[in-house]
Structures are given as structure tokens and as C-alpha cells.
Amino acid sequence: MRSPRYFVIKSKDGHRYDNVRNGIIISTSKEDHIVTTREAIVIETPIGYDGPIEIGDAVLVHHNTFRLYFDMQGREKSSWNYFKDDMFFIDDPYAYKKPDGQWKGIGRYVFVSPVPNDQSGITTTDAEMPLVGIIRFGNDEMLELGLNEGDRVVFEPESEYPFHVDGEKVYRMYTKNLTIKLNEQDNGIKEEDN
């Protein structure tokens, strides 16, 4: 059973939602896209596919892939991705991981970890530094630009798409959203000599 265009996947743990964190239920809504499962296992690759993803690899997918919703008559429905039983179709995953490997972004997708706000020189009370992060899962496009995993970067506003991966909050964005590479000692703010 292979598709000409789509990967066939199933949820990593058999659940459509990832709504329990540290033993606390953070949402009970079936329509809450923030807590939908984003990690899946590849059952089949598309016919003719010759990329790096293989059967058994983990992939990160769109928030609507496993989501349930209610139609205009109040009937519960699955997303268009639903195939049958616990199998779903996707066209382009965002990242993949071999069973014993590390996550790697696909194409233009890169994942950035937010940086805690130490409040030094930034006029905000946010828990995270605004628009600053550390590259967590890179891609080939980023490497060509001289960026590496672990680099501290500044990214464009409204480019953060939150994921919860391996117990960690990361933002999915495009390589083009990374605007500045910061030095290790730089917290993103240059202070001028007085």
C-alpha cells in the first residue's frame, strides 16, 4: 500500500493529542490545535521517493494532521489527512529522525529553541527573549549560509510556530526567517560606550 504522492504515517504513540505535560492536562478541547500530536512514524514512503526518509523514521507534521473538528452540523470529523484505522497521509514533513539519530529539518524548515529572558537590558517581562533563539534542528539550506546547530540567532517577528518535541519547546520556521547570527557572548544587544 503506497501512494504516488503521500507518505503514509501513524501517530508516534497512537494518540491524536499531546495535551498532558508533567502529569497535568493542559487542554481538553478536541479543536485545540496547540496540543495536537506533531510526531509520527512513517509506515510507507511515496512511490518513487528517493529522499532520506525511510520506513520507521519519525517525522514532524502539521498541527492539523491528527486533529479532530466539528462540522456545521456538529458532527466530529477527521482532517483530510485521515486514511483509515490509525493511518494518515502527509505530503511534506517538517523534519525527520532516524530511530537512533537526531532530528534534521527538511528543505527550508529549521527549528529554534527559545532563549530564557535574563532581563538584562531588555524592556519586557516575557519569559523568553523576544525574537532570539538557538538553532536546535538545522537543515542543508542553513548550512550553506554558514549557520550551524547551536548558533544563537535573531528571527523575524511572527515566524515562530511552536512545537513540543522530546519534552522541549521549539519553534518551526523557515531558514529565510533567520536574520542575524549573534556572537556567543552577545545576548542580542550591543551596548555603546558612554
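The values are calculated or read from the model by the stated rules, or taken from the named source; none is laboratory data. Here the structure is a predicted model, which is why all the values come from computation and not from measurement. All Cβ positions, glycine included, derive from the backbone under ideal geometry; neighbour counts span all protein chains shown. Ligands, DNA and RNA are stripped out before the accessible areas are found, and what is left, the full protein with its side chains, is counted by its heavy atoms. Shrake-Rupley method; radii C 1.70, N 1.55, O 1.52, S 1.80 Å.
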Query raised in the report: Which one of these is over 30 Å from Val20 (Cβ atoms), open to solvent by less than 40 Å² (accessible area, probe 1.4 Å), part of a strand (DSSP E or B) and at pLDDT 90 or above: Val132, Val154?
Result: Val154
Requested in this report: Working only within segment 131-182, note down all residues that are out of contact with any strand residue (DSSP E or B) (no Cβ under 8 Å at 6 or more places or on another chain) and either among the β-branched types (Val, Ile, Thr) or within 22 Å of His63 (Cα to Cα) (or both).
Outcome: Glu158, Asp166, Gly167, Lys176
Query raised in the report: Could you give every pair whose Cβ atoms fall below 6 Å, whose first residue belongs to segment 79-98 and is in contact (Cβ under 8 Å) with a residue 60 or more places away in the chain, and whose second residue is of a type in the set (D, E, K, R) and surrounded by fewer than 17 Cβ atoms within 10 Å (Cβ to Cβ), counting only separations of at least 6 or pairs across chains?
Result: Asp86/Lys10; Met87/Lys10
**Report entry** Output for segment 84-100, where each listed residue is open to solvent by less than 30 Å² (accessible area, probe 1.4 Å) and either modelled with pLDDT under 95 or within 18 Å of Phe155 (Cβ to Cβ) (or both)
**Finding:** Tyr94, Ala95
Query raised in the report: Could you say whether any residue in segment 105-121 is over 22 Å from Thr36 (Cα atoms) and among the hydroxyl-bearing types (Ser, Thr, Tyr)?
Result: yes
Query raised in the report: Within segment 87-114, which residues are under 12 Å from the mean Cα position of the chain (by Cα) and under 15 Å from Glu44 (Cβ atoms)?
Result: Pro93, Tyr96
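Determine which member of the set Lys10, Lys30 is of a type in the set (Lys, Arg) and in a strand (DSSP E or B). Spell out the reasoning first.
Working: Lys30 fails: in a strand (DSSP E or B).
Among Lys10, Lys30, only Lys10 is of a type in the set (Lys, Arg) and in a strand (DSSP E or B).
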Query - Residue check, Pro114 within 20 Å of Thr179 (Cα to Cα), modelled with pLDDT of 90 or more and crowded, with 21+ Cβ neighbours inside 10 Å - result: yes
Report task. Select from segment 41-78 the residues that are more than 14 Å from Tyr6 (Cα to Cα) and open to solvent by less than 40 Å² (accessible area, probe 1.4 Å) and list them in ascending order. Result -> Gly56, Asp57, Ala58, Leu60, His63, Phe66, Leu68, Asp71, Ser78
Report summary line: Across segment 159-190, the tally of residues that are open to solvent by 20 Å² or more (accessible area, probe 1.4 Å), at pLDDT 95 or above and outside any strand (DSSP E or B) stands at 1
Query raised in the report: Can you pull out the residues in segment 17-27 that are assigned to a strand (DSSP E or B) and open to solvent by 80 Å² or more (accessible area, probe 1.4 Å)?
Result: Ile24, Ile25
